[in-house]
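One structure is given below, encoded as structure tokens.
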Amino acid sequence: MDLKNSLLQVGQDHLLENIDSLSEAERLQLEKEIASQDFHLLNQLFKEHSSKPIISTDDEILPLTFDLAENNIKQDMWEETGFLLLEQGQVAAFLVAGGQGSRLGFEGPKGAYDIGLPSGKSLFQIQAERISNLSARAGHPIPWCIMTSPLNHEDTITHFEDHHFFGLPRDSIRFFSQGTMCALDPNGKAIKSSKEHLALVPDGNGGCFRALAQSGTLAWLIEKGVRYVFLYSVDNVLVKVADPAFVGALASDGRALSSSKVVRKKHPQEKVGVFVIKNKKPSVIEYSDLPEDLRSETYPDGSPLYDGANIAIHLFRIDALKKLQNTPLPWHSAKKTVFGVNNAWKFEQFLFDAFPLLGSMTLYGVSREDEFAPVKNADGDDSPKSARVMLGSLHKYWLERAGVSVDPRKLYEISPTISYSGESLSQTVFDRELGKNILAFDP
Ligand code: UTP
């Protein structure tokens, strides 16, 4: 069937209006973008999403409890196990960096953003150096999979090229782009952003499982013998990429297919998603979808009952990723202004919807001060400034813990090239590295 007829069948033939005025190259581009879209699915989503509640009164929702991992007597054993798996090349890192970072308002890929630390390092560089530190200690490169979107793919690769891949072996990094979904106008018609382009937006971080498989990266990991994949977001400046203890904890659990790090909610109204048991399956419910009565429910000591905050740090067994490549996640919708069209429909998938599909997971509690300082907004909470202060305070604490006399008025930035999570520090190291790999700054 020709393109015109197939678009007629799905009610989207307006996309070919004025096609005769396009140059050959423009026409080919438009046809390519049209071919990349599943208009049957888009039409179906448009019909279904007009008024569907996410949580219904029939759903059974219970808290999913967790303990702080650092209090567990097995912590040292987990760390040893994790290092052994790193040494054997069984652990990879998977960064989802296809988002648009619209709240931060930065033009380039969010990972290239410099949060204003004295070193001027970008988020990508900080992560790369943590990977490099662990790889050197394990004596084995850690494969690093980086998912971009068509909107930032080229710029991401250019940033890495300009920085010589931060010293990591080039063949240990694989970049691939996630899929897109065309935005629809309020009447369900596909929007064009220009005469030869559709209004394509990234299909959400849940597109990562499909993109990992379709790009051949899952096969690449399997071929390398990888069995554990550390999956994380681009914007947490404290992320302990491929954390050995976290890996060891999942590996020591005979049952779970995945594990997620959680922090305790600051207070019941904090705007974060929480882990729950929904209809007997582990799930994440977003802040705005958790009914108010559950949100404010507390234990007798006043702490929130639903307090396992999702900080987007997960670990998957490779078998889980094999399963997820062919298991469709649900779609979420949002109404936004897209290319000047108000109330346009955007559809995306969320990676946390994988957990009910996998069925068995564990939670690994960590302290917010140690592991979670996201850069979401330009100012205020979760901003470059708050992330900078959290990193500076944590690194200062590492120095104090190592017996170093620090300047009480300053914060410190310690390069991940000399310490991954506070190890290998002393007064001698401090005296030698101050002004080089240890930098002081004002709060
Ligand atoms: P966020 O939900 O914080 O979105 O993404 P964002 O795009 O970074 O920022 P805003 O909402 O536009 O301000 C959480 C993680 O998921 C990735 C992001 O890159 C980030 O690492 N993500 C998000 C994708 O990889 N693809 C997407 O389609 C959306």
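Checked against a 32 Å cut-off, the cross-linked pairs LYS261/LYS335; LYS335/LYS396; LYS32/LYS281; LYS278/LYS396; LYS189/LYS385; LYS240/LYS410 give Cα-Cα distances beyond that limit for LYS335/LYS396; LYS32/LYS281; LYS278/LYS396; LYS189/LYS385. Between HIS197 and ALA378, what FRET efficiency follows from the Cβ-Cβ distance if R0 is 35 Å, with the result rounded to 0.05? According to the calculation, E is roughly 0.80. Cross-link partners for LYS47 among the aspartates and glutamates, with Cα-Cα distance under 17 Å and sequence neighbours closer than 8 places in the same chain left out: ASP38, ASP185, GLU348.
Descending by average beta-carbon neighbour count within 10 Å, the peptides 435-441, 96-102, 207-213 line up as 207-213, 96-102, 435-441, the highest first. Between the alpha-carbon centres of segment 143-221 and segment 21-76 there is a gap of 15 Å. Computed from the C-beta positions of ARG401 and SER252, the FRET efficiency with R₀ = 25 Å rounds to 0.40. Rounded, prolate or oblate: which fits segment 243-373 when a ≥ b ≥ c are the square roots of the eigenvalues of the alpha-carbon gyration tensor, with rounded for a/c under 1.5 and prolate only if a/b beats b/c? Oblate. Annotation: extensible slack from ARG137 through LEU84 equals 18.0 nm (criterion: 0.36 nm per residue apart, minus Cα-Cα distance).
Per residue, the average separation of C-alpha pairs within less than 8 Å and at least 6 apart gives the chain a relative contact order of 20 percent.
Label reach from LYS280 (point 7 Å along Cα→C-beta): in segment 322-364, amide nitrogens under 18 Å belong to 355-361.
What number, in nm² with one decimal, is the all-direction average of the projected area of the convex hull of the alpha-carbon atoms of the chain?
23.7 nm²
Per residue, the chain exposes 45 Å² of accessible surface when a 1.4 Å probe is rolled over the protein heavy atoms with every protein chain present. The aspartates and glutamates whose alpha-carbon is closer than 12 Å to the alpha-carbon of LYS265, local same-chain residues fewer than 8 away aside, are ASP307.
When peptides 224-233, 393-402 are sorted by average Cβ neighbour count within 10 Å, with the highest value leading, the order is 224-233, 393-402. Element breakdown for the chain at a 1.4 angstrom probe: carbon and sulfur atoms account for 49% of the accessible area.
Taking θ as phi - 60°, what are the ³J(HN,Hα) couplings along segment 106-121 by the Karplus curve (6.51, -1.76, 1.60), each to the nearest whole Hz, with x for Gly and Pro? Working through the residues one at a time gives 9, 5, x, x, 4, x, 7, 6, 9, 7, x, 6, x, 6, x, 6 Hz. Scalar couplings 3J(HN,Hα) for segment 219-226, obtained by applying the Karplus form with A = 6.51, B = -1.76, C = 1.60 to θ = phi - 60°, are 4, 4, 5, 4, 4, 7, x, 6 Hz; x denotes Gly and Pro.
Remark on LEU238: its backbone amide H falls under 5 Å from those of ALA373, a criterion applied only to residues 5 or more positions apart or on other chains, H modelled at 1.01 Å from N.
The Rg/Rh ratio for segment 317-424, using Cα coordinates for both the radius of gyration and the Kirkwood hydrodynamic radius, is 1.13.
The local environment of LYS281, defined by Cβ-Cβ distances under 14 Å, has a net charge of -1 under the rule Lys, Arg +1 and Asp, Glu -1.
Modelled this way, with points 7 Å down the Cα-to-C-beta line, the labels at THR65 and GLU297 are 1.4 nm from one another. Kindly write out, for segment 269-285 in residue order, the coupling ³J(HN,Hα) from the Karplus curve 6.51 cos²θ - 1.76 cosθ + 1.60 (θ = phi - 60°), rounded to whole Hz, with x marking Gly and Pro. Calculated HN-Hα couplings, in order: 8, 4, 7, 10, x, 10, 7, 9, 9, 10, 6, 6, 10, x, 8, 10, 10 Hz. Gain on full extension, evaluated as 0.36 nm per residue between GLU270 and LYS224 minus their Cα-Cα distance, stands at 12.5 nm.
The values are calculated or read from the model by the stated rules, or taken from the named source; none is laboratory data. Just so it is clear, the structure is predicted and the values come from calculations on it, not from any experiment. As a convention, Cβ positions derive from the backbone with ideal geometry for all residues, glycine included, and neighbour counts pool all protein chains shown. Remember, those area values only see protein heavy atoms, side chains included, never the ligands or the DNA or RNA. Shrake-Rupley method; radii C 1.70, N 1.55, O 1.52, S 1.80 Å.
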